[in-house]
Amino acid sequence: MRIAMVTDSYYPTKDGVVTSVTITKKALEEKGHEVFIVAPDPGEKDRIDGVIYIGSIKFRSYAGYFIPIMPSKALRKLEKLKIDVIHIHGVAVMALRGHVYSNQLNVPVVMTFHTMVGDVLKFYSPVNLDEGFVEKIVWKYIRWIVRKMDAIIVPSPSIGEELKSLTKPKRVEIIPTGTDVQRFHPGADGTAFRKEHGLEGKVVASVGRLSFEKNIDLVIRAMKDVDATFLIVGDGPSRPSLESLVKELGMEDKVVFTGYIDNERLLDAYAASDMLVSASRFETQGLSVLEAMAAGIPVACCDARAFHDIIQNGVNGFLFKGEEDCADAINRCLNASEEVRRNSLNTALSNSESISSQRLAELYEDLISKKGGRE
């Protein structure tokens with residue numbers, strides 16, 4: 001098959017959507033399919049060969065993101081490539097373009113619903129209007145675009161149920177972004193990473209973009225009562241406020257910020273850690289959580305959304321409600337049994353990219369056949 005992945009964010013942007021697109025593209029190509037990326041243009045120095053770019057402007061409310069508003073020749077290029085299916089990642093401007101492309105090319109269109117947009121409007125809304133009013137308008141649009149899709153892909157059952165309570169998609173399929181269990185595996189040596197960042201004793205890690213909705217401040221406060229170093233891997237708009245909180249609490253000696261690290265070094269970061277924690281109520285899947293589990297370290301997560309579907313408390317990880325019991329969950333995780341660690345690894349293996357990409361390809365084939373097949 002020839003698949004066009006139309007995405008609101010792509011390199012050099014670093015977020016879960018970019019990671020998901022990268023993983024899915026690689027897994028589908030390994031199965032013999034051809035995947036073409038259509039993305040906002042980040043500027044000449046950051047372009048990648050082979051990507052079909054749409055002229056864009058910088059998103060002033062969220063550094064590192066771009067709004068693709070310029071005219072483009074993408075449709076003509078996709079027509080020449082004889083695309084079989086359009087796969088949209090995101091719900092913003094590129095979703096509208098993907099919808100138009102599918103109509104013009106007469107091919108099926110699917111969307112992976114990565115983000116509950118309403119949760120982040122208060123942090124990044126580009127217009128200074130009443131939050132409730134903006135959210136109402138945004139959801140009116142989302143309901144409309146979702147109903148235009150031949151299928152909506154959600155990464156977890158909880159998100160599927162939440163989405164169906166808000167709108168009425170034609171078809172919903174639960175297909176998580178697969179974890180690269182060849183790349184992330186137990187037994188890696190994190191010694192060099194520990195030495196580089198001055199890590200000693202027990203290490204609790206957080207990996208991902210530092211954005212306000214991730215609630216990393218909650219973990220920092222909880223870590224005050226935990227005998228371990230808190231390793232924060234990543235960067236983003238909330239970093240200045242997190243660094244200020246660390247100073248305010250006098251925790252400079254037990255919190256380490258690495259900033260962004262190269263993707264190839266992520267396994268080293270997991271291997272240098274004794275566990276991973278996520279306090280986010282925002283996640284539709286939680287890619288770093290599954291990566292950590294695949295790397296052989298246990299996880300403690302906020303008892304919300306997708307983590308309901310991944311974690312069974314005390315069986316393959318640990319759940320907490322809020323700041324009050326976060327420290328307890330972290331301590332339990334640091335002392336996790338071998339059985340919990342084994343169950344955690346098995347959970348990651350059952351969410352491998354190979355399994356997910358096969359299910360995705362089967363969905364594409366089904367939709368293509370219902371559309372009338374290839375010429």
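The values are calculated or read from the model by the stated rules, or taken from the named source; none is laboratory data. The model shown is predicted, which means the values in this text are computed figures rather than measured ones. No Cβ is skipped: glycine too gets one built from the backbone with ideal geometry, and neighbour counts run over all protein chains shown. These area figures cover heavy atoms from the full protein model, side chains too; ligands, DNA and RNA do not enter into them. Shrake-Rupley method; radii C 1.70, N 1.55, O 1.52, S 1.80 Å.
Observations on the structure shown:
- Taking every residue in the range 180-197 that is touching a residue at least 12 places away in the same chain (Cβ under 8 Å) and pairing it with any residue that is surrounded by fewer than 17 Cβ atoms within 10 Å (Cβ to Cβ), at least 6 positions away or on another chain, the pairs with Cβ-Cβ distances below 6 Å are Val181/Leu349.
- Count of residues meeting criterion [under 15 Å from Arg281 (Cα atoms) and hydroxyl-bearing (Ser, Thr, Tyr)] in the range 184-217: 2
- The set of residues from the range 321-333 being in contact with a strand residue (DSSP E or B) (Cβ under 6 Å, 6 or more places away or on another chain) and open to solvent by less than 60 Å² (accessible area, probe 1.4 Å) comprises Cys326, Ala329, Ile330, Cys333.
- Matching option when the condition is closer than 18 Å to Lys195 by Cα and open to solvent by less than 40 Å² (accessible area, probe 1.4 Å), among Val256, Val289, Val277: Val256
- Top-ranked residue of the range 1-55 - restricted to ones that are without any contact (Cβ under 8 Å) to a residue 24 or more places away in the chain and β-branched (Val, Ile, Thr), ranked as farthest from Met70 (Cα to Cα): Thr22
- Residues that are open to solvent by 50 Å² or more (accessible area, probe 1.4 Å) and modelled with pLDDT under 95 were ranked within the range 148-165; the one that is farthest from the chain's Cα centre (by Cα) is Ser165.
- Condition check for Ala294: surrounded by 23 or more Cβ atoms within 10 Å (Cβ to Cβ), touching a residue at least 12 places away in the same chain (Cβ under 8 Å) and under 22 Å from Ser356 (Cβ atoms): yes
- Met70 vs. criteria more than 19 Å from the chain's Cα centre (by Cα) and open to solvent by less than 50 Å² (accessible area, probe 1.4 Å): no
- Set Val277, Val226, Val219, Val207: member being aliphatic (A, V, I, L, M) and farther than 15 Å from Cys326 by Cβ: Val207
- Subset of the range 206-218 that is in a loop (DSSP other than H, G, I, E, B) and small (Gly, Ala, Ser) - its residue that is surrounded by the most Cβ atoms within 10 Å (Cβ to Cβ): Gly208
- Among the candidates Val93, Val120, the residue that is open to solvent by 10 Å² or more (accessible area, probe 1.4 Å), touching a helix residue (DSSP H, G or I) at 6+ places or on another chain (Cβ under 8 Å), of a type in the set (Val, Ile, Thr) and at pLDDT below 95 is uniquely Val120.
- Qualifying residue in the range 356-365 (condition: on the phi < 0 side of the Ramachandran plot, open to solvent by less than 80 Å² (accessible area, probe 1.4 Å) and touching a Gly at 6+ places or on another chain (Cβ under 8 Å)): yes
- Qualifying residue in the range 306-315 (condition: open to solvent by 20 Å² or more (accessible area, probe 1.4 Å), closer than 30 Å to Asp225 by Cα and of a type in the set (D, E, K, R)): yes
- Residues that are over 24 Å from the mean Cα position of the chain (by Cα), closer than 28 Å to Pro12 by Cβ and among the hydroxyl-bearing types (Ser, Thr, Tyr), drawn from the range 217-257: Ser244
Listed here are the residues, each with its yes/no results for (1) over 17 Å from the mean Cα position of the chain (by Cα); (2) surrounded by fewer than 17 Cβ atoms within 10 Å (Cβ to Cβ).
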position	(1), (2)
Lys168	yes, yes
Ile175	no, no
Val181	no, no
Phe184	no, no
Gly187	yes, yes
Phe193	yes, no
Gly198	yes, yes
Val204	yes, no
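Residue-by-condition table, conditions (1) buried (at least 21 other Cβ atoms within 10 Å of the Cβ); (2) on the phi > 0 side of the Ramachandran plot; (3) in a strand (DSSP E or B):
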residue: Met5; (1), (2), (3): yes, no, yes
residue: Ser9; (1), (2), (3): yes, no, no
residue: Val18; (1), (2), (3): no, no, no
residue: Val21; (1), (2), (3): yes, no, no
residue: Lys26; (1), (2), (3): no, no, no
residue: Ala39; (1), (2), (3): yes, no, yes
residue: Lys45; (1), (2), (3): no, no, no
residue: Ile48; (1), (2), (3): no, no, no
